[in-house]
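Engineer: One structure, as structure tokens, below. Some questions next.
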Ligand code: F0G
């Protein structure tokens, strides 16, 4: 008989997790103002809030931690990290930062001005936040197909070349760079094809513009190119990554995802002028150039994490688990962004809670219901996260309203996936009884989803 698939690692250390009762969860949810970010982690049984900083480091990474050089300047750990980034990306200049948004802050402080227009594919909320807070515009040029959650196409995270061309034709003098997010988190962890990166490069070259890759999940993107795009099946993940980066000018990185560290990020670029410009902001915001917000030990762990997570086996194990969870939802008929992406399932809440009006935030309501059902914490990637239009101050209801269930890297087993799927099925089975959602009672002006206070209307 054919041997079944199994993980490419074994477990050396475990961390207990606790179940709770429904009454406890009702109380905790109320105390948290129906915002799952406000829960304490002990109140969560299976945490699918994010795949960011939640991965399990390997024995090699923990060993590397011990080799951290904590020198303020010229740390050897910085040079280890820099060499690994040079090797994987081909980018010469590296600035470490404490996480991805800090990389955005440092680079955008140099590049984005009031009135700038930054085209891209579904900018992540911190990316959008760092653009909009500078009185600039994040112009979404994602393909329209990404909005149809039931459509199965292999590269649903792509930039629409026609939209990008139009944006540049109209606004090129105000465009400091184009940003492509790989994988496209907001559209459902959907990959961007190499072909699409080439098209973006060609349009950028036509207008003399540079391209930044928001690379938080670049290794997962490379995995999808290898397994879905013609001509890449025999290439290694490292070869594919190098080719992806060869089509760009620089990158911002949240190392908390595909770097498999708990904290960290960086900027890398091939252009000295970007490096010189960003350096001026690294020192006041992050720290001196050879640590920029990271410990020596974390830079060591990141260097190893980048190396390990650009190996096929590690990525195959990960994507296989996400696909396993998706398969269970298929069995139960629960609609999600298809085909499943790299790091999470994005349940189409609009299609599940059809009786909850959009003004009452269906995806957030589904997230609350799932938590109350089984202590599984997901995250709304929908109308609350979309914030208000900076000009009209209206809620932005134009996008998708999704419940994201992230799978942390190397953390949970397939049995946990079964629990998540069963809990969601229980909510799904009584979806027609759920007719009311939530109302906002307090919100911040930007990135409101972290701190929003809600009232339950059901
Ligand atoms: N870019 C993308 C595509 C991201 O998904 C994130 C973070 C960032 C940038 C910012 O990085 O958190 O290190 O400052 N995403 C997390 C998430 C928070 O849950 O998807 P950061």
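The values are calculated or read from the model by the stated rules, or taken from the named source; none is laboratory data. Quick caveat: nothing in here was measured; it's all calculated off a predicted structure. Here the Cβ is made from the backbone with ideal geometry for all residues, glycine too, and neighbour counts use every protein chain on show.
Engineer: Can you tell me which of (1) out of contact with any helix residue (DSSP H, G or I) (no Cβ under 8 Å at 6 or more places or on another chain); (2) farther than 23 Å from residue 457 by Cα; (3) modelled with pLDDT of 95 or more is the one residue 420 doesn't meet?
Structural biologist: Every condition holds for residue 420 apart from (1).
Engineer: Please go through the range 241-280 and pick out each residue that is out of contact with any strand residue (DSSP E or B) (no Cβ under 9 Å at 6 or more places or on another chain) and either crowded, with 18+ Cβ neighbours inside 10 Å or under 29 Å from residue 318 (Cα atoms) (or both).
Structural biologist: 241, 242, 243, 246, 257, 258, 260, 261, 262, 263, listed by residue number.
Engineer: Continuing with this model, one more query. Might you check whether a residue that is more than 27 Å from residue 204 (Cα to Cα) and either within 13 Å of the ligand (Cβ to nearest atom) or assigned to a helix (DSSP H, G or I) (or both) occurs anywhere in the range 236-256?
Structural biologist: yes
Engineer: Hey, could you check the range 153-198 for residues that are within 16 Å of the ligand (Cβ to nearest atom) and more than 24 Å from residue 338 (Cα to Cα) and say which is farthest from the chain's Cα centre (by Cα)?
Structural biologist: 177
Engineer: Of the residues 288, 232, which single one is at pLDDT 95 or above, surrounded by fewer than 17 Cβ atoms within 10 Å (Cβ to Cβ) and either within 12 Å of the ligand (Cβ to nearest atom) or not in a helix (DSSP H, G or I) (or both)?
Structural biologist: 288
Engineer: Right, here's the next one. Have a look at 356, 340 and point out the one that is in a loop (DSSP other than H, G, I, E, B) and closer than 25 Å to residue 153 by Cβ.
Structural biologist: Only one candidate passes the filter, namely 340.
Engineer: Starting from the range 289-310, take each residue that is free of Cβ contacts under 8 Å to residues at least 60 places away in the same chain and list its partners that are in a loop (DSSP other than H, G, I, E, B) and crowded, with 23+ Cβ neighbours inside 10 Å, counting only C-beta distances under 9 angstrom and pairs at least six apart or across chains.
Structural biologist: Qualifying pairs under 9 Å: none.
Engineer: If I ask for residues that are within 18 Å of residue 190 (Cβ to Cβ) and either crowded, with 21+ Cβ neighbours inside 10 Å or touching a strand residue (DSSP E or B) at 6+ places or on another chain (Cβ under 7 Å) (or both), which ones from the range 339-377 would you list?
Structural biologist: Within the range 339-377, 340, 341, 342, 343, 344, 345, 346, 347, 348, 349, 363 qualify.
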